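Since the structure comes first, as structure tokens, the remarks are kept for the end.
The values are calculated or read from the model by the stated rules, or taken from the named source; none is laboratory data. Since we're looking at a predicted model, the values are computed, not measured. FYI the Cβ positions are ideal-geometry reconstructions off the backbone, even for glycines, and counts take in every protein chain you see.
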Amino acid sequence: MRKAGVLNIIVLGMLLLSGKAGAQTNVAVEQIGHLIDDALFFSDGYITPATDAAVYQAASGWVTTPKEKGLWDVTIGLHANVFFTPKRDREFRVNNSDFSFFALEQGTSASVPTALGGDKDVYLSGQLGNSPVRLESPEGISSETVAYPYLQGSVGLWYGTELIVKYSTKVKLKKSDYQVYGVGLKHTLSRYFKSLEDRKIHISAMAGYSKEDVSFSFLDIKTDYGTLGINTINGLVDTWQFQLNGSKEFGRFEVMGAFIVNTSDIKYKVKGEKGTIEEIVPLQDVLNT
């Protein structure tokens, strides 16, 4: 996410075009670049545990049974996922050496809340030209558990194949929003082995794609050049998942296990109300490019 070098060139050019450049322009541009670089470093530590949690959440609930579904049989259900936030993911540590613009107001290192953490206040400050700039660490969701509901439906297709769809509306959490939707295909493999079917043993494979959209309130830093407009950080998680599921029926009961592999691509974007610095440089567009 760090783009300070490119940003310095763009800011300098926009200042020259707008007639706001002066004798101290080069110094100010360098300072703005360092400020934004620090803010983006901070955002990485803040939101990464939340996007990691989104990946774990996406892994659950796809397959309720590896048994073959009848042709055009439809199942629709309301599901709920609960994620217990590990203590290690509720805070991250910063040191003065991590920053090129800001410095901690107290001490040389501190533990600050992540998006999954609490509301501990940590302050950093810097100097932009002749004006002080102060940053207060953003709050987390202040919860040891994260729960969200979603709808999931499936329909039986030909040759032991099943189409699975999951969807949730945007769920509002404290300081954040979360949404997920996805589609998958399950195929029952045990249909090819009569001996397994006779013993009430079922095996299936599933491939699915899901999109998680998680956003958190972040920072609204005020400077002499205007507010920066990075008050919302949006994490977009694309996850491909592959499952091998097996089950054994015991009368009316079924015991199931699964082997799951997934791969995820996470992208971050700055969203929310644009800052007044946009009059000088299109900051959000630059950071999101």
Checklist line | Residues being modelled with pLDDT of 80 or more and either surrounded by 15 or more Cβ atoms within 10 Å (Cβ to Cβ) or part of a strand (DSSP E or B) (or both) - total across the range 163-179 | finding: 9
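Touching an Asp or Glu at 6+ places or on another chain (Cβ under 8 Å) and of a type outside the set (S, T, N, Q): is that true of Val155 in this structure? I'd like the intermediate steps shown before the answer.
On the way: touching an Asp or Glu at 6+ places or on another chain (Cβ under 8 Å): yes; of a type outside the set (S, T, N, Q): yes.
Yes; evaluated as a whole, the condition is true for this residue.
Being among the acidic types (Asp, Glu), under 23 Å from Lys87 (Cα atoms) and surrounded by fewer than 19 Cβ atoms within 10 Å (Cβ to Cβ): is that true of Glu139 here?
On the way: among the acidic types (Asp, Glu): yes; under 23 Å from Lys87 (Cα atoms): yes; surrounded by fewer than 19 Cβ atoms within 10 Å (Cβ to Cβ): yes.
Yes.
Okay, residues lined up against (1) touching a strand residue (DSSP E or B) at 6+ places or on another chain (Cβ under 7 Å); (2) closer than 25 Å to Tyr209 by Cα; (3) surrounded by fewer than 18 Cβ atoms within 10 Å (Cβ to Cβ):
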residue: Gln57; (1), (2), (3): yes, yes, no
residue: Trp62; (1), (2), (3): yes, yes, no
residue: Phe84; (1), (2), (3): yes, yes, yes
residue: Lys87; (1), (2), (3): no, no, yes
residue: Arg90; (1), (2), (3): yes, no, no
residue: Val112; (1), (2), (3): yes, no, no
residue: Gly129; (1), (2), (3): no, no, yes
residue: Arg134; (1), (2), (3): yes, no, yes
residue: Ser143; (1), (2), (3): no, no, yes
Margin query: Only one of Glu144, Glu197 is among the charged types (D, E, K, R) and at pLDDT 85 or above. Can you tell me which?
Written below: Glu197
Next item on the list: All but one of (1) at pLDDT below 85; (2) under 16 Å from the mean Cα position of the chain (by Cα) hold for Gly45, so report the exception by its number.
Entry: (1)
Check: So, of the residues in the range 173-192 that are free of Cβ contacts under 8 Å to residues at least 60 places away in the same chain and out of contact with any strand residue (DSSP E or B) (no Cβ under 8 Å at 6 or more places or on another chain), which turns out to be farthest from Asn234 (Cα to Cα)?
Finding: Tyr192
Item checked: Members of the range 219-259 found to be assigned to a strand (DSSP E or B) and of a type in the set (Lys, Arg), listed by number -> Lys222, Lys248
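How many of the residues in the range 250-264 are of a type in the set (Phe, Trp, Tyr) and on the phi > 0 side of the Ramachandran plot? I'd like the intermediate steps shown before the answer.
Step one: filter the range 250-264 for residues of a type in the set (Phe, Trp, Tyr), giving 250, 253, 259.
After this cut, where a residue has to be on the phi > 0 side of the Ramachandran plot as well, the list is none.
Summing the residues that are of a type in the set (Phe, Trp, Tyr) and on the phi > 0 side of the Ramachandran plot in the range 250-264 gives 0.
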Next item on the list: Say whether the condition of being surrounded by 14 or more Cβ atoms within 10 Å (Cβ to Cβ), touching a Phe, Trp or Tyr at 6+ places or on another chain (Cβ under 9 Å), at pLDDT below 90 and part of a strand (DSSP E or B) is met by at least one residue in the range 180-190.
Entry: yes
